[in-house]
Structure formats: C-alpha cells, structure tokens
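Report on the following structure.
The values are calculated or read from the model by the stated rules, or taken from the named source; none is laboratory data. As the structure is a computational prediction, the values presented were derived from the model and not from experiment. Cβ coordinates were reconstructed from backbone atoms using ideal geometry, including for glycine residues, and neighbour counts include every protein chain displayed. Just so you know, the surface numbers come from the protein's heavy atoms only, side chains and all, with ligands and any DNA or RNA stripped out. Shrake-Rupley method; radii C 1.70, N 1.55, O 1.52, S 1.80 Å.
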Amino acid sequence: MAILKIARMGHPVLLRVAEQVPDPQAPEIRRLVRDMAETMLDASGLGLAAPQVHEPLRIFVWRNGDAVAALINPELELLSPPDQRGWEGCLSIPGLRGNVERAHRVAFRGTDIEGQAVEGEAEGLIARVMQHEFDHLNGVLYPSRMSDLGLFGFTDELARAAHQAAQQTERP
C-alpha cells in the first residue's frame, strides 16, 4: 500500500468529470482503492475521491465507523432538499473550511471492489461526505456550492472567531 499525492485546488484533474471504471475488480482498481483508503486515513480525512489523487475515475472512499468503504461508479439521489448547513473541509483545499448546504439524506448505488452491486441510504455526516466526494467526480469543489462566502475561511481563523464569540456570550 502507498500514500498517494493529493491534488490541490487549481489542478485540472479536479475540474473535469471523472470516467467510469470499466472493470471494478481489476487488480489496479483494487490497489487504487486500498491506496486511497490509506491516504485518506493518513491525512485524517473523512472521504477521498479518485480525482483527488490524480486518477480521473469514478471512485470514492469514506470512513464508515472504524472501517473504510468504497463505491465505484456511484450514483447518488437526494432524498431530502439540500437545506442542511454544515462546515466542510477538503484534503484538496488544505487549511480552509466553508459552510455548505447539503441534503440530510441520500440514496446511493454503485459497485464494490468485489464487483458486487451496492445500494443503500445514508443520512447526516455520511450523506454529507458522500455528496462532497460525488461532487469531486463531477469536477465540483465545495466552495462553488456555497451561498455565503462570508462563511468561508482559514480553519484557525474560523476557530478563533468561534472561540471569541463563545466568550462574548458567556460574559454576564
């Protein structure tokens, strides 16, 4: 297994629509998925899409409890309106966070690395991660989903501002 180099915002691979994987069981795809999982865990990420490691293929991995799950050639369907605000970061946009509206629930389907059809529903944080990674497969980065760029900034500055706001609230 190997830690892969993560493409950063501005690299063309992040702006293109990824290609379908013709053979999800191919040894190079299995190796890629394992390397993506190791890379995501090493970087303390919640999810990682193949374009983020310079592979323009329709694959993403995500943390599923203590395990890592993978979906190849995924399809996502929103089961609720995209009206849930939440903070997101991205391994391809290090040091920044933004507040993004996403659907609370999604249905997903695709293939696992064994070539088996996978389908299900996800909600909350997992649904948010899936939508974020699915966007990567379509050349979309989360800042373009933001409706208020006033809620976009460096992680440390946002934390400092939140801490100061909390202190102001606590004062009598």
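List of remarks:
- About the centre of its Cα atoms, the stretch 103-159 shows a dipole size close to 180 debye [charges on the beta carbon of Lys, Arg (+1) and Asp, Glu (-1) only; nearest 20 debye].
- By accessible area, using a 1.4 Å probe on protein heavy atoms only, the chain has 51% of its surface on carbon and sulfur.
- Calculated [222 nm] ellipticity per residue, helices only, for the chain: -8500 deg cm²/dmol; basis is -39500 (n - 2.57) per DSSP H run with n ≥ 4, divided by all residues, nearest 500.
- Near Gly115: Cβ cut-off under 12 Å, other residues only, Lys/Arg at +1 and Asp/Glu at -1. The net charge is -2.
- Ranking of Glu119, Glu88 by solvent-accessible surface, largest first: Glu119, Glu88 (1.4 Å probe, protein heavy atoms only, all chains present).
- Sorting the segments 50-62, 6-18, 145-157 by their mean number of nearby beta carbons within 10 angstrom, highest to lowest, gives 50-62, 6-18, 145-157.
- Helix 155-170 vs. the chain, principal-axis angle (Cα, 0 to 90°, nearest 10): 40
- Positive-end ranking of Phe108, Gly95, Gln167 along the dipole of the chain, with charges on Cβ about the Cα centre, is headed by Gln167.
- For the stretch 83-172, average projected area of the Cα convex hull in nm²: 7.6
- Applied to the stretch 126-136, the Karplus parametrisation 6.51 cos²θ - 1.76 cosθ + 1.60 on θ = phi - 60° returns per-residue 3J(HN,Hα) values of 5, 4, 5, 4, 4, 5, 4, 5, 4, 4, 4 Hz, with x for Gly and Pro.
- Part-to-part distance (alpha-carbon centres) for the stretch 1-73 and the stretch 145-172, which is given in Å: 31
- Every pair of different Cα atoms in the stretch 39-102 enters the Kirkwood calculation, which places the hydrodynamic radius at 13.3 Å.
- Å² per residue, accessible surface of the stretch 1-139 at 1.4 Å: 49
- A Förster radius of 35 Å combined with the Cβ-Cβ distance from Glu123 to Ala26 puts the calculated FRET efficiency at roughly 0.65.
- Assuming charge only on the beta carbon of Lys and Arg (+1) and of Asp and Glu (-1), the dipole of the chain about its Cα centre is about 440 debye to the nearest 20.
- Rounded tilt (10° steps) of 27-42 against the dominant C-alpha axis of the chain: 20
- Here, the chain yields an orientationally averaged convex hull projection of 10.9 nm² when only Cα atoms define the hull.
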